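Undergrad: A single structure is presented below for examination.
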Ligand code: G6P
């Protein structure tokens, strides 16, 4: 559409006449439109979906708007209802994933405000959305997404803060989150020092058939993303489980042979996660507990809602080391592609 001259003789002529529309798009206050929306939908595939899931609680807390999560293909399969009053946020590292792109066309045709969060300027999703945010995470080559994941969460957290009301009652919390956000790179640098420990852990786990990862609250997405990374590159069966659902099935799998990672970081879910840990232990599960170093002291240093960006890093290292030990292709796992442009 944009590259046709339509009824005009020249592109220059057409573009001069387009200015009422282009200026409207430039100055339109999209934040205001999002704030007024009835619902926010996050739509994506794979790791991008998990990133949005990790940031969902922050968006809910600060915007006060109901947030629903959609795996792009499932939304399309169901032709799930989308309305003009909705804001649909498309999360995609490449900006080219076929299902996400088709879901964008679908949401647009239903009149929703469409926002893109991509890492690729000029990508189909960046071009097709009404407005968007560029991750600026730099080129990501490995098929399994890692650095885009943490940047996606950071961008959505910043969007959540922008949507929130800047009042006296929220100021302290907003400032605390901003402070921690700015310090995030150094915190990530700290956890990267766990590389050697993760190598040792990988050596211990390399022969396993299966790995369960239990997380909850802010770290539900961390469990899913850890399992996805392990599956994608080390080709080991792994399942991320929301710990609150343990008794509805996963517990039946637990015996003295099963390896389980329990994410029990000091946050609002810690007590519940400790009880999960005890119950898994009582069934003789072979637990690896991911916990906070120096507990109470560290607890004050980092906002709980930002922990997913830190916690995933050692787990990414674990998936990487497992893959190296198992002798598989780290950057191009079998059967997978960096950008899935066909359905
Ligand atoms: C493929 C990649 C994943 C990625 C997913 C979504 O499956 O292997 O790493 O998370 O696509 O890609 P996108 O570019 O839309 O984030």
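Undergrad: Full extension from residue 13 to residue 190: what is 0.36 nm times the residue separation minus their Cα-Cα distance, to one decimal in nm?
TA: Net length gain for the segment: 58.1 nm.
Undergrad: Return one number: the angle in degrees, 0 to 90 and rounded to the nearest 10, between the long axis of the Cα atoms of helix 46-63 and the longest principal axis of the Cα atoms of the chain.
TA: 80
Undergrad: Beyond 23 Å, what percent of the Cα pairs of segment 161-282 remain?
TA: That tail contains 45 percent of the Cα-Cα pairs.
Undergrad: Let me ask something else. Give me Rg/Rg_expected for segment 67-128, where Rg uses Cα atoms only and Rg_expected = 2.2 N^0.38 Å with N residues.
TA: 1.01
Undergrad: Determine, for 32, 272, the number of other Cβ atoms within 10 Å of each Cβ, and report the residues in order from fewest to most.
TA: In increasing order of surrounding Cβ atoms, one gets 32, 272.
Undergrad: Based on alpha-carbon atoms only, what is the radius of gyration of the chain relative to the globular estimate 2.2 N^0.38 Å?
TA: Taking N as the residue count of the chain, the ratio is 1.07.
Undergrad: Continuing with this model, one more query. Largest first and in whole Å, what are the equivalent-ellipsoid semi-axes of segment 94-154 based on the Cα gyration tensor, each being the root of 5 times an eigenvalue?
TA: Over the Cα atoms of segment 94-154, the semi-axes work out to 22, 12, 10 Å.
Undergrad: Roughly speaking, what is the stretch gain from residue 139 to residue 4, that is 0.36 nm per residue apart minus the C-alpha to C-alpha distance, in nm to one decimal?
TA: 45.5 nm
Undergrad: Additional query: Which whole-number value in Å³ per residue fits the convex hull of the alpha carbons of segment 67-211?
TA: Convex hull of Cα atoms, per residue: 168 Å³.
Undergrad: Let me ask something additional. For a distance above 16 Å, tell me the whole-number percent of Cα pairs in segment 33-79 that qualify.
TA: Result for the distance tail: 40 percent.
Undergrad: In what sequence, highest mean first, do 210-223, 163-176, 78-91 appear when ranked by Cβ atoms within 10 angstrom?
TA: Output ranking for 210-223, 163-176, 78-91: 210-223, 78-91, 163-176.
Undergrad: How far, in nm, would the chain grow between residue 200 and residue 102 when pulled straight, counting 0.36 nm per residue and subtracting the alpha carbon separation?
TA: The span from residue 200 to residue 102 would gain 31.0 nm if fully extended.
Undergrad: Would you mind ranking 280, 31 by Cβ crowding within 10 Å, fewest neighbours first?
TA: Ranking 280, 31 by Cβ neighbours within 10 Å, fewest first, gives 31, 280.
Undergrad: Ignoring everything except DSSP H segments at least 4 long, calculate the 222 nm mean residue ellipticity for the chain; use -39,500 (n - 2.57) per segment, divide by total residues, nearest 500.
TA: -15000 deg cm²/dmol
Undergrad: So for segment 107-250, averaging the separation of alpha carbon pairs under 8 Å that are six or more residues apart and normalising by length, what relative contact order in percent results?
TA: Reported as a whole number, the value is 13 percent.
Undergrad: At a Förster distance of 41 Å, what's the computed FRET efficiency of residue 74 paired with residue 279, Cβ-Cβ distance as r, to 0.05?
TA: Using R0 = 41 Å, I get an efficiency of 0.85.
Undergrad: Moving on. What per residue convex hull volume, in Å³, do the alpha-carbon atoms of segment 229-341 yield?
TA: 145
Undergrad: Then there's this: I'd like the distance separating the alpha-carbon centroids of segment 251-281 and segment 188-227, in whole Å.
TA: Here the answer is 14 Å between Cα centres.
Undergrad: What FRET efficiency do you get for residue 237 and residue 167 if R0 is 51 Å and r is their Cβ-Cβ distance, rounded to the nearest 0.05?
TA: Computed FRET efficiency for residue 237 and residue 167 comes out at 0.60.
Undergrad: Quick one: compute the contact order of the chain, relative version, from alpha carbon pairs under 8 angstrom and 6+ residues apart, as a percent.
TA: Relative contact order here is 18 percent.
Undergrad: Follow-up question, since we're still on this one. How high is the relative contact order of segment 1-145, in percent, with contacts defined as C-alpha pairs under 8 Å that are six or more residues apart?
TA: Once normalised by length, the contact order is 20 percent.
Undergrad: Determine, for 130, 17, the number of other Cβ atoms within 10 Å of each Cβ, and report the residues in order from fewest to most.
TA: Result, fewest neighbours first: 17, 130.
Undergrad: How many angstrom separate the Cα center of segment 21-83 from the Cα center of segment 307-336?
TA: First find each Cα centre; the distance between them is then 29 Å.
Undergrad: Further question: Using the beta-carbon distance between residue 85 and residue 286 and R0 = 51 Å, what value does 1/(1 + (r/R0)^6) give for FRET efficiency, to the nearest 0.05?
TA: The calculated FRET efficiency here is 0.55.
Throughout, read-outs are computed from the coordinates displayed, never taken from laboratory work. Since we're looking at a predicted model, the values are computed, not measured. So basically every Cβ, Gly included, is an ideal-geometry build from the backbone, and we count neighbours across all protein chains shown.
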